[in-house]
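Following: one structure in structure tokens, then a few remarks.
Any read-out appearing in this document is the output of simple, stated calculations on the displayed coordinates, not a laboratory observation. For clarity, every value in this text was computed on a predicted model and none was experimentally measured. Heads up, the Cβs are rebuilt from the backbone with ideal geometry, glycines too, and the neighbour counts pull from every protein chain shown.
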């Protein structure tokens with residue numbers, strides 16, 4: 001009898017907790033849908049990043065260089081990382097001429113954990129704790145089927161596009177956690193949301209990068225580190241060297257993005273502390289549609305929007321694999337690293 005009463009009481013408590021959880025779910029859904037609707041007309045105010053230390057990987061060229069430049073216009077101290085020391089020097093000098101902020105350049109192969117940690121320690125000594133980390137460096141194997149793709153390029157794609165995020169977060173997140181202040185930015189790709197023909201390793205790496213960034217965001221939420229923000233960016237093709245020659249089948253719906261415009265939108269998302277940014281906005285519609293349609297219909301859609309022949313005219317890479325000895329450069333200019341590999345960055 002005593003056991004029956006206890007079990008009944010336990011069942012009632014369990015049901016009450018379930019009702020409470022359902023109520024919180026409904027209340028949260030109504031509130032956040034309403035908030036999202038309001039934000040369509042009244043966006044978040046832009047945060048002040050003047051004096052913040054921003055590190056951008058893959059910053060020598062393309063979208064990384066432009067993101068750094070945009071953040072520099074808002075007064076942020078810039079730390080530029082790239083594997084291409086010559087292009088990095090040129091970019092650093094250019095930004096110092098046009099921006100009234102401190103600019104530091106460090107040659108670093110982000111796919112190599114030891115180099116990331118070494119460069120990170122030098123940044124901490126010479127510049128300070130990074131408060132905004134933009135993981136932008138990336139590469140693509142090129143016009144191959146998965147079986148034909150050289151193992152070295154597949155391995156490098158995975159290390160540059162996703163493993164590098166692990167090492168940069170390991171290097172810079174602890175200081176952010178200690179101060180409960182910072183911003184983690186993952187520049188991924190539409191390939192992290194949709195599979196594309198000829199891009200098996202690229203899509204897998206970008207999907208992993210998105211999932212990793214989402215998981216870290218949840219981890220920060222559980223740790224109650226509300227002062228550390230996360231932004232995940234998934235752009236369609238950008239007119240940089242990385243996807244040189246690629247053509248879009250439906251430019252009115254999925255246009256090739258202008259890199260300057262894309263950089264401005266990415267920086268705006270960072271300043272407004274958006275968790276997700278999909279470019280162009282039509283990707284939001286396709287993402288929602290993907291979860292609703294049958295798998296076979298999804299394949300028809302992929303073909304309709306050019307996902308099966310996206311790489312047919314690709315000529316951006318593969319990049320020649322060149323080992324070279326980086327020159328020793330002055331303090332606050334770079335890290336002197338031994339042998340690395342040239343890749344195109346986003």
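Shape verdict for region 214-296, please, from the Cα gyration tensor: rounded (a/c under 1.5), prolate (a/b greater than b/c) or oblate. Mind showing how you got there, number by number?
Details: a/c = 2.61, a/b = 1.43, b/c = 1.82.
Judged from the Cα gyration tensor, region 214-296 comes out oblate (a/c at least 1.5, b/c at or above a/b).
What's the center-to-center distance, using Cα atoms, between region 67-134 and region 222-284 in Å?
Between the Cα centres of region 67-134 and region 222-284 lies a distance of 21 Å.
Would you mind ranking 112, 250 so that the residue whose beta carbon has the fewest other beta carbons within 10 Å leads the list?
Details: 112 22, 250 11.
Ordered from fewest to most neighbouring Cβ atoms within 10 Å, 112, 250 come out as 250, 112.
Length gain on complete extension for the stretch residue 282 to residue 50, per 0.36 nm per residue less the alpha carbon to alpha carbon distance?
Roughly 80.3 nm would be gained on extension.
What is the Rg over Rh value, at two decimals, for region 50-304, using alpha-carbon atoms and the Kirkwood definition of Rh? Don't skip to the end; give the middle numbers.
Working: Rg = 17.9 Å, Rh = 18.7 Å.
Answer for region 50-304: 0.96.
Highest mean first, how do 288-294, 102-108 rank when packing is the count of other Cβ atoms within 10 Å averaged over residues? Walk me through the numbers on the way to the answer.
Details: 288-294: 10.0, 102-108: 23.9.
The most tightly packed comes first, giving 102-108, 288-294.
Quick one: compute a quarter of the convex hull surface over the Cα atoms of region 107-202 and quote it in nm².
Averaged projected area of region 107-202's Cα convex hull equals 6.8 nm².
Would you kindly state how much longer the chain becomes between residue 38 and residue 195 on full extension, computed as 0.36 nm times their sequence separation minus their alpha carbon distance, in nm to one decimal? Don't skip to the end; give the middle numbers.
Working: separation 157, 0.36 × 157 = 56.52 nm, distance 3.26 nm.
Between residue 38 and residue 195, full extension yields 53.3 nm more.
For a protection proxy built on the mean count of beta-carbon atoms within 10 angstrom, sort 134-146, 274-286 highest first, please. Write out the running numbers ahead of the final one.
Values: 134-146: 23.8, 274-286: 16.5.
Per-residue mean Cβ counts within 10 Å order the peptides as 134-146, 274-286.
Report Rg (one decimal) and Dmax (nearest whole number) for region 36-82, counting Cα atoms only, units Å.
13.5, 40
Using a simple spin-label model with points 7 Å from Cα along the Cα→Cβ vector, what separation in nm is obtained for residue 290 and residue 98?
Simple spin-label model gives 3.3 nm for this pair.
If one puts a single equal scatterer on every Cα of region 164-235 and applies the Debye formula without solvent, what log₁₀ I(q)/I(0) results at q = 0.11, 0.22, 0.24, 0.28 Å⁻¹?
-0.29, -0.91, -1.02, -1.25
Ranked by Cβ crowding within 10 angstrom, fewest neighbours first, how are 100, 48 ordered?
Values: 100 8, 48 11.
Sorted ascending by nearby Cβ count, the order is 100, 48.
Using per-residue counts of other Cβ atoms within 10 Å, averaged over each peptide, order 163-175, 217-229 from highest down.
Working: 163-175: 19.6, 217-229: 13.8.
The peptides rank, most packed first, as 163-175, 217-229.
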